[in-house]
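Chemist: One structure, as structure tokens, below. Some questions next.
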Amino acid sequence: MMDWAKNSIDLVNQSRLDRFENPVDNLEKNISNDLLKKYHPDYVGEKRSLKIGPNKGDLPIPLELANLLEADSPLPHDFEPTADLETDVLIIGGGGAGTAAAIALQATDLKVHLATKLRLGDSNTVMAEGGIQASIGKDDSPRKHYADAFVGGHGENDSDLLRYLCENGLKSIDWLAQLGCMFDRNQDGTYRLKSGGGTSTPRVLACRDITGLEIMRVLREAIRQGDTHILENHSAIELLDDGNGVATGAVLWNSQTKKLISVSARAILIASGGGGQLRFGGTTTSNHIGATGDGLVLAYRLGCALVNIHSWQYHPSGFCYPEALVGQLATEALRSLGAQIVNCDGERFVDELNYRDKVAAAIIKECSQGKGIQTPSGKTGVWLDLPMVELKQGKGTLRKLFPGLVHRLGRFDIEPEKNPILIYPTLHYQNGGIRVNRSCQTDIQGLWAAGEATGGLHGTNRLMGNSLLDIIVFGRLAGKSILENIPERKPTTLTALKKFRRSLEGIPKSTRTYSPQLFPDESNWKMEIDKEEQNNQSFSNEGSSFEPPDPFAGRF
Amino acid sequence: MKVDMDEKEIEIKISGKTLKVKPGVPLIKALWNEGLPEEIQTGCMGGACGACTVTVRFPDGRKGKSDLACMMTTAEGMEVFPYRIEAMPQIPHLIANPNLEKLKKSFPTLDRCTKCGSCTSACPMDIPVMDSITRMQNNEFENVAEDFVSCVHCGLCRFVCEDNVKPHNMALWIRRSLASSEEKLETQRSDSFSTTDDAEEWSFLLPTDPKERLKRAEIFRETGGVPK
């Protein structure tokens, strides 16, 4: 395989021993904030400022996002919400944050519905590979964790939120362990801790290279063992309000029946994740197909301010080859364990464990200066030298600690023990999002938000492992805050949408016909609404619980 | 290293419909290009969520299989059948210190396994499912936990089992029960906070001026604490 790059691979293989024996320690000097300004997509992509809403006139944001936030709702103009479903809490999003919040609300008096566009757990959480940060090491502390994340976020972080995150690391790990998450351990039974980009001491816990999968499959079972009503294949396309600025429900679209359902709720939690599938400037993404920034759209229309949405994370090591894996991640944990980033000549050019935005910018720079390697489909990337992991950590390490990676590459006859792989930065994380306070409350009463949909916590650059901690800490906190602060039921109207539609009349028409867009443009998925009356009788509150009949039923 | 974009098209079938597509393209993307995004249920597009289960066969005798569509690429003559597996069944609650007896009580179908091997050949993650069922029956739970470490819970092993054994559900029950057993929690924990400097460190890290705040965080990172 990869014969088209044979010459360059030979150079990488030849320089490996020398790179192993003679580490270079002046690579830091290649990294500066100027590098970001010149090469990071946040600075060089096509952008504009918003013309309406709470963030009108703020820093320019990616063009695609601006068009999304200033597009019309897909709701027909004559649509009148008639509460098809009454609940106490409506959680929008079935990833880690939404599920953690739902579990926190189980065994309370509140009736909780969780609506998710895809199936429960089909999310960015399930794809998270590297790990989860928690300051539980001997020489570590929540303050060190805070300092690392604050510097990494360029000081744009909300200190209150960040401090709360860092002080709840151990508690969250304990909670996950009690639910049944297996984190990797050392021989002596203590948790195995790794370094991540920008951590001043080892602080990342993991379950091999499938940490998010481990967390999500445990949360998914835990929520199903409780009393949460799960609505799969239900996308939120609009929020409802009481006419006086309080959020009171949502309109959901069932992607199977194409029908609309209006939900009346006393509290709404947006936990709908990020927007990597917006693919600014045609970039690749590591995100799942539902990551289209829906939460930003819904909250913005209702009048919530957004923070730092000019800032997006490009993960330095997205696959650049083979074609089927393009954009997906080769986890940062590979670099934690010694994998080096090298150019076409087999030379290192960046400290692999610097902050993600800087490593990504360094790779883009290297490629733009002709030091990259071109694939048969015309993409350019640099090498991630995986055999170095075996050299540094011992033979068999990749197979043992990165079973997910080895299996995925094995499908394409690529053996990571023998050859380097090609990587290029890929759109990975929405650093900014909906503004929330220390109780996960947004600017709008009745509306909470948690997880990737929110902004402030990570500043303008997130550290590896802080997102999985984020969804657990703030997912659970949102549940607790809702329980303590839930308002009484109020009428459901489309007053905010009507106001938003009036403000659209005063600005140039968006290039996008409607938002939220729900699915990637590339998918050609058209949202159709069946306007026939929803038949309440056939609408099940229980979501899908289909199980094939047991042919042996009655045998016992 | 010239790109061969003029590669000729090949024929594949999806649910009986014939499509002309480029070879070597991820299957889901080929369907997107054809305007058929709803043909196969899709979730993460990264081989982790288990939504896009399909079976594939080749009329010419090449080996077919069940797999995740997002991890497959188009190949001449392939016939694809969406194999949608609905929500997970009701899962029994966790039990501390799991053993064989407790497993059988929670999953009475365990011993129905006839060792036909369908589950193993159905697994898109190459988990030795049938062998692991044997390990369950032998009370080798630590090994079962290891076997299923990369399980995406697509449900194929459960769906192809004509005896209604639920391999992936049992495995997760075992993993969760092992992990949450009290005894173990105490030995896992490396809880060693220095709590003495808490207040002093936070007040150093949180001055009101945002610029000063960043500067202090940088100093704190370098010195590992409040400079003396």
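Taken together, the values in this text are just the output of simple stated rules run on the coordinates, not laboratory data. Note that this is a predicted model, so its numbers are computed, not measured. Positions of Cβ are generated from backbone atoms using ideal geometry, with glycine treated the same way; all protein chains shown enter the neighbour counts.
Chemist: Please give the per residue volume of the convex hull enclosing the alpha carbon atoms of region A:32-174, rounded to a whole number of Å³.
Modeler: Working: hull volume 29.1 nm³, N = 143.
About 204 Å³ per residue, rounded to a whole number.
Chemist: Per residue of region A:320-330, in order, report the coupling 6.51 cos²θ - 1.76 cosθ + 1.60 (Karplus, θ = phi - 60°) as ³J(HN,Hα) in whole Hz, putting x for Gly and Pro.
Modeler: Once θ is set to phi - 60°, the couplings for region A:320-330 become 10, 6, x, 3, 5, 9, 4, x, 6, 8, 9 Hz.
Chemist: Something else about it: Can you pull the mean other chain C-beta count within 10 Å for peptide A:212-221? Walk me through the intermediate numbers first.
Modeler: On the way: counts 2, 10, 6, 0, 4, 12, 5, 0, 5, 9.
The per-residue average across the peptide is 5.
Chemist: Which of A:110, A:89, A:149 sits closest to the plus end of the dipole of region A:88-205, meaning its Cα is farthest towards the positive end, when Lys and Arg get +1 and Asp and Glu get -1 on the C-beta?
Modeler: A:149
Chemist: Given the pairs A:365/B:211; B:63/B:115; A:418/B:65, which span a C-alpha to C-alpha distance of over 25 angstrom in this model?
Modeler: The pairs that break the limit, which is 25 Å between Cα atoms, are A:365/B:211; A:418/B:65.
Chemist: Moving to a separate point now. Provide the packing ranking of A:165-175, A:96-106, A:40-50, i.e. peptides ordered by the mean count of other C-beta atoms within 10 Å per residue, highest first. If you can, show how the numbers build up before the last one.
Modeler: On the way: A:165-175: 20.0, A:96-106: 28.1, A:40-50: 17.0.
The most tightly packed comes first, giving A:96-106, A:165-175, A:40-50.
Chemist: Using only DSSP helix segments of four residues or longer, with each worth -39500 (n - 2.57), what per-residue ellipticity at 222 nm results for the protein assembly as shown after dividing by its residue count and rounding to 500? Don't skip to the end; give the middle numbers.
Modeler: Details: 27 runs with 247 residues, N = 784.
Calculated mean residue ellipticity at 222 nm is -9000 deg cm²/dmol.
Chemist: Taking C-beta distances below 4.7 angstrom as the pairing criterion, name the unpartnered cysteines of chain B, in sequence order.
Modeler: Cysteines lacking a close Cβ partner in chain B: B:52, B:70, B:113, B:116, B:123, B:151, B:154, B:161.
Chemist: A further question on this structure: Using a Gaussian network model on chain B with a 10 Å cutoff between Cα atoms, which of B:136, B:45, B:88 fluctuates the most?
Modeler: In this elastic network of chain B, the residue with the biggest mean-square fluctuation among B:136, B:45, B:88 is B:88.
Chemist: Same structure again: Give a residue-ordered list of calculated ³J(HN,Hα) values for region B:171-176 (Karplus: 6.51 cos²θ - 1.76 cosθ + 1.60, θ = phi - 60°; whole Hz; x for Gly, Pro).
Modeler: 5, 5, 4, 5, 4, 5
Chemist: Give the long-range amide H neighbours of residue A:231: residues separated by 5 or more places, or on another chain, with amide H under 5 Å away, using H modelled in the peptide plane at 1.01 Å from N.
Modeler: A:114, A:115, A:116
Chemist: Something else now. Pull out the extension gain between residue A:438 and residue A:138, defined as 0.36 nm times the separation in residues minus the alpha carbon to alpha carbon distance; nm, one decimal. Kindly include the intermediate steps, with their values, before the conclusion.
Modeler: Details: separation 300, 0.36 × 300 = 108.00 nm, distance 2.83 nm.
Stretched out fully, the residue A:438 to residue A:138 stretch lengthens by 105.2 nm.
Chemist: Given points 7 Å out from each Cα along the Cα-Cβ axis, report the residue A:368 to residue A:415 separation in nanometres with one decimal.
Modeler: 3.8 nm
Chemist: Would you mind telling me the antiparallel percentage of the DSSP bridges in the protein assembly as shown, rounded to 5?
Modeler: Values: 52 of 76 bridges.
Bridges in the protein assembly as shown that DSSP calls antiparallel: roughly 70 percent.
Chemist: Order of A:286, A:439, A:481 from fewest to most other C-beta atoms within 10 Å? Intermediate results must be reported in sequence, preceding the final value.
Modeler: Details: A:286 26, A:439 15, A:481 23.
Sorted ascending by nearby Cβ count, the order is A:439, A:481, A:286.
Chemist: Shifting gears a bit: For region A:1-99, state the average projected area of the convex hull of the C-alpha atoms over all orientations, rounded to one decimal in nm². Let's see the in-between values first.
Modeler: On the way: hull surface 60.4 nm².
Directional mean of the projected Cα hull area for region A:1-99 stands at 15.1 nm².
Chemist: Which stretch or stretches of region B:70-113 have amide N atoms under 11 Å from the point lying 7 Å from residue B:62's Cα along the Cα→Cβ direction?
Modeler: From region B:70-113, the list is B:73-79.
Chemist: Sticking with this structure for a sec: Placing +1 at every Lys and Arg Cβ and -1 at every Asp and Glu Cβ, with all other atoms neutral, what dipole size does the protein assembly as shown have around its Cα centre, in debye to the nearest 20? Let's see the in-between values first.
Modeler: Working: 91 positive and 103 negative charges, 63 e Å.
Charge dipole of the protein assembly as shown: 300 debye, to the nearest 20.
Chemist: So which lysines can residue A:498 reach, going by Cα to Cα under 19 Å and dropping same-chain residues fewer than 8 places off?
Modeler: Within the straight-line limit of under 19 Å, residue A:498 reaches these lysines: A:51, A:56, A:490, A:509.
Chemist: Report, as an integer, the average count of C-beta atoms from other chains found within 10 Å of each Cβ along A:517-526.
Modeler: On the way: counts 0, 0, 4, 3, 1, 4, 11, 7, 6, 3.
Mean number of neighbouring Cβ atoms from other chains: 4.
Chemist: OK, next. Cα convex hull of region A:99-229: mean projected area in nm², to one decimal? All intermediate terms of the calculation are to be shown ahead of the outcome.
Modeler: Details: hull surface 36.6 nm².
That works out to 9.2 nm².
Chemist: Stick to Cα atoms and the Kirkwood definition of Rh, then tell me Rg/Rh for region A:390-429. Don't jump to the answer; show the numbers that get you there.
Modeler: Working: Rg = 11.6 Å, Rh = 11.4 Å.
Over the Cα atoms of region A:390-429, Rg/Rh equals 1.02.
Chemist: Let me ask something additional. Beyond 37 Å, what share of the Cα-Cα pairs of chain A is found? Please give it as a whole percent. Intermediate values should be presented prior to the final figure.
Modeler: Details: 47195 of 154290 pairs.
So the pairs more than 37 Å apart make up 31 percent of the total in chain A.
Chemist: Then there's this: Starting from the alpha-carbon convex hull of region B:4-121, give the projected area averaged over all orientations, in nm².
Modeler: On the way: hull surface 41.2 nm².
Averaged projected area of region B:4-121's Cα convex hull equals 10.3 nm².
Chemist: Let me ask you something else. Can you list residues from other chains, or at least 5 along the same chain, whose modelled amide H is less than 5 Å from the amide H of residue A:48?
Modeler: Counting only residues 5 or more places away or on other chains, the set is A:61, A:63.
Chemist: Sticking with this one: Per-residue HN-Hα couplings for region B:100-106, Karplus 6.51 cos²θ - 1.76 cosθ + 1.60 at θ = phi - 60°, whole Hz, x for Gly and Pro?
Modeler: 4, 4, 5, 4, 5, 5, 6
Chemist: Placing +1 at every Lys and Arg Cβ and -1 at every Asp and Glu Cβ, with all other atoms neutral, what dipole size does chain B have around its Cα centre, in debye to the nearest 20? Kindly include the intermediate steps, with their values, before the conclusion.
Modeler: On the way: 30 positive and 35 negative charges, 110 e Å.
Around 520 debye, computed over chain B.
Chemist: Over 15 Å, how big is the tail of the calculated P(r) for region B:83-144, in percent of all Cα pairs?
Modeler: On the way: 1123 of 1891 pairs.
Above the 15 Å cut-off, region B:83-144 has 59 percent of its Cα pairs.
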